[in-house]
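First up is the structure itself, then whatever we jot down about it.
The values are calculated or read from the model by the stated rules, or taken from the named source; none is laboratory data. Computed from a predicted model, the values in this text were never measured in an experiment. Here Cβ is always computed from backbone atoms with ideal geometry, including for glycine, and neighbour counts include all displayed protein chains.
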There are 2 protein chains.
Amino acid sequence: MAQLQNDTFLRALMREPTPYTPVWMMRQAGRYLPEYRESRKTAGSFLQLCKNPSFATEVTLQPLDRYPLLDASILFSDILTVPDAMGLGLYFEEGEGPKFDRTLREEADIKKLHVPDMAELQYVFDAVSSIRTAVNGRVPLIGFAGSPWTLATYMVEGKGGTDFLTIKKMAYARPDLLHHILEVTAQTVMQYLNAQIAAGAQAVMIFDSWGGALSHKAYLEFSLPYMQKIINGLTREADGRIVPRVAFTKGGALWLEAQAEIGADAIGLDWTIDIGQARKRVGDKVALQGNLDPAILLSTTEAIEKEVASILGSYGHGNGHVFNLGHGITQWTPPENAAAMISAVRNFSTQYHE
Amino acid sequence: MAQLQNDTFLRALMREPTPYTPVWMMRQAGRYLPEYRESRKTAGSFLQLCKNPSFATEVTLQPLDRYPLLDASILFSDILTVPDAMGLGLYFEEGEGPKFDRTLREEADIKKLHVPDMAELQYVFDAVSSIRTAVNGRVPLIGFAGSPWTLATYMVEGKGGTDFLTIKKMAYARPDLLHHILEVTAQTVMQYLNAQIAAGAQAVMIFDSWGGALSHKAYLEFSLPYMQKIINGLTREADGRIVPRVAFTKGGALWLEAQAEIGADAIGLDWTIDIGQARKRVGDKVALQGNLDPAILLSTTEAIEKEVASILGSYGHGNGHVFNLGHGITQWTPPENAAAMISAVRNFSTQYHE
């Protein structure tokens with residue numbers, strides 16, 4: 001493997017000193033880039049793309065080539081590869097969200113759920129190896145997975161972003177069934193992330209996209225403990241170094257103190273919380289990753305620079321901040337506005353690292 | 001007007017002593033009730049219903065008749081009557097959310113926006129008078145409106161519950177235009193709620209359904225100050241008594257301290273926050289209304305009773321709690337489960353008021 005030339009991102013996740021605040025963008029390889037849309041033309045459905053290591057490698061590198069100041073790359077994939085491998089039958093309909101052929105609602109089906117053979121997900125590990133080789137040490141490569149709660153919402157509801165009434169009814173009427181789904185999914189995600197680490201992922205992130213839909217008590221029962229279980233089961237790199245672990249619950253900033261206790265090295269933040277307040281609440285327990293509202297990238301260079309400066313200033317002096325959006329970049333983002341954000345982070349952040 | 005026989009709700013909003021914790025449910029007159037679905041059969045579109053004081057009176061009374069332990073009634077209407085009166089052209093398509101004929105995006109259109117003649121909304125005030133007479137003093141009647149930010153999202157986006165990219169782009173690129181919309185809307189809502197009070201509303205609630213989509217800074221610039229402006233402009237009842245004012249931002253629990261300073265008598269809570277923690281954060285500045293996840297009403301009597309007990313216990317002893325859901329009751333709720341919740345609140349809460 002090529003020597004890592006820029007470890008700023010990894011050092012910031014471990015709260016070690018860095019000369020500036022590193023930056024990357026969730027969904028940085030995506031539809032807002034014309035080169036991505038061009039590559040997609042010949043590559044088939046979204047799921048076929050995820051299953052094609054050569055395509056995944058090509059598009060993962062696109063933002064690195066366009067934005068030389070990016071400090072990390074992230075595996076091009078989808079959190080739903082896991083429920084797909086668990087037998088739910090994932091598909092994407094044009095212009096709509098992901099759907100599944102089957103849902104997990106009947107007790108008999110739930111009891112049959114099991115950790116799949118990781119060979120089902122070999123295409124992901126092949127993509128990780130391929131990307132790691134192609135990135136060639138320019139920046140670290142992030143692997144990722146969905147949280148058990150978030151993956152369970154798709155498996156039970158059959159789609160994302162709803163009122164979550166079916167899975168919540170299960171949570172309250174048959175918590176034993178939901179805990180079984182979450183336990184099997186946590187074991188699966190643990191093996192999945194460990195295989196990504198073995199294939200070359202240099203940091204990992206768990207996306208709890210729908211944790212914010214839960215009540216206070218339910219989050220602490222059905223989401224957070226399963227992320228903790230995964231994190232506690234992750235392996236180190238071959239040389240014994242910790243592979244930094246980021247946990248991100250969208251809409252989860254009320255539960256920061258609890259999140260800081262699960263063993264993650266960094267916590268992701270969406271834009272609803274002031275990052276300076278977040279830093280006070282977690283103390284020196286974890287690094288923080290965030291938290292610009294991606295909608296701001298639709299506005300003007302002046303507005304973008306003002307908001308970047310505001311976030312950096314709110315976090316203040318010292319280590320432990322990775323700059324990012326609070327959610328994935330939208331497809332309507334002008335690429336030059338993403339460039340303005342990335343440059344602003346680099347230019348404005350050195351003063352906080354003297 | 002008939003003498004009020006049960007002022008428990010009004011007293012709790014003002015943090016005065018009550019013998020038990022009062023309870024009502026957001027959207028308590030609605031599709032989960034078979035008698036509501038029966039009334040709807042002959043009554044036309046949802047908007048026609050809102051514009052028909054006789055129908056609004058009929059369905060407002062249905063939950064009171066079915067659940068004698070309810071401590072408040074609420075005007076049957078919709079927050080979008082206001083943008084409709086402002087000329088946006090509201091309509092509802094079967095099975096879909098509300099839509100508007102026109103959106104507010106061009107500077108020329110925005111500059112023309114003005115406070116409409118309240119005569120455009122006379123049907124609402126007629127409904128308030130009619131309901132107040134029909135309720136006949138059994139419980140107080142709540143009037144309500146949307147927050148300026150929430151109404152603006154519908155006016156700019158043309159629909160609800162999206163990524164809010166158009167209005168957020170305006171917020172960052174042309175804040176002057178958005179502030180103009182919000183100012184005109186705040187003046188409109190102030191007049192609208194004052195007319196509801198004049199017609200007989202005994203408490204008012206402002207629904208900021210989409211405030212939780214904003215960043216920390218943007219909420220404090222674009223949503224909260226306009227709710228404060230409205231609250232400061234509300235009149236008292238003819239006898240000089242304060243008409244209690246509730247402000248509710250869904251997804252807004254991170255901003256509780258700021259919400260407690262705007263002059264509202266009570267703050268609504270969704271289910272993401274522990275109500276005991278919320279109480280500690282606001283101190284004795286405001287009452288709190290909430291906060292059961294409405295999805296729990298789809299489960300079992302045992303689960304419902306456990307969660308009601310948990311919320312009451314978390315709030316603890318003393319005054320200033322109005323029990324409610326954290327959002328509107330869903331149409332899939334078995335009516336007997338709502339009854340179980342209401343009974344549990346009454347039965348379990350007296351111990352906290354000794």
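In table form, for the structure just shown:
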| read-out | value |
| --- | --- |
| Criterion violated by A:Ala108 - all others in (1) surrounded by fewer than 17 Cβ atoms within 10 Å (Cβ to Cβ); (2) hydrophobic (A, V, I, L, M, F, W, C); (3) within 14 Å of chain B (Cβ to nearest Cβ) satisfied | (3) |
| Residue, farthest from B:Arg15 (Cα to Cα), within the stretch B:233-273, restricted to residues that are among the basic types (Lys, Arg) and within 18 Å of the chain's Cα centre (by Cα) | B:Lys250 |
| Lone qualifier among B:Ser310, B:Ser314, B:Ser299 - being touching an Asp or Glu at 6+ places or on another chain (Cβ under 6 Å) and either over 20 Å from B:Gly251 (Cα atoms) or of a type outside the set (A, V, I, L, M) (or both) | B:Ser314 |
| Index of the failed condition, B:Leu224 passing every other in (1) surrounded by 23 or more Cβ atoms within 10 Å (Cβ to Cβ); (2) touching a residue at least 60 places away in the same chain (Cβ under 8 Å) | (2) |
| Residue among A:Arg27, A:Arg66, A:Arg31, A:Arg40 that is under 20 Å from A:Ala266 (Cβ atoms) and either surrounded by fewer than 23 Cβ atoms within 10 Å (Cβ to Cβ) or modelled with pLDDT under 95 (or both) | A:Arg27 |
| Residues (within 14 Å of another protein chain (Cβ to nearest Cβ) and either out of contact with any strand residue (DSSP E or B) (no Cβ under 9 Å at 6 or more places or on another chain) or assigned to a strand (DSSP E or B) (or both)) located in the stretch B:235-250 | B:Thr249 |
| Residue match in the stretch B:281-295 (condition: basic (Lys, Arg), more than 21 Å from B:Gly328 (Cα to Cα), surrounded by fewer than 22 Cβ atoms within 10 Å (Cβ to Cβ) and under 18 Å from the mean Cα position of the chain (by Cα)) | no |
| Matching residues, the stretch B:268-282, being over 15 Å from B:Ile311 (Cβ atoms) and either away from chain A (no Cβ under 14 Å) or aromatic (Phe, Trp, Tyr) (or both) | B:Val282 |
| Elements of type helices (runs of 4 or more DSSP H) in the stretch B:29-80, at least 1 residues being of a type in the set (D, E, K, R) | B:34-41, B:53-66 |
| Answer residue from the stretch B:81-123, given it is of a type in the set (S, T, N, Q) and assigned to a helix (DSSP H, G or I) and is farthest from B:Asn194 (Cα to Cα) among those | B:Thr81 |
| Selected residue [modelled with pLDDT of 95 or more and closer than 28 Å to A:Leu224 by Cβ] from B:Ile275, B:Ile206, B:Ile262 | B:Ile275 |
| Qualifying residue in the stretch B:184-202 (condition: at pLDDT 95 or above and within 14 Å of another protein chain (Cβ to nearest Cβ)) | no |
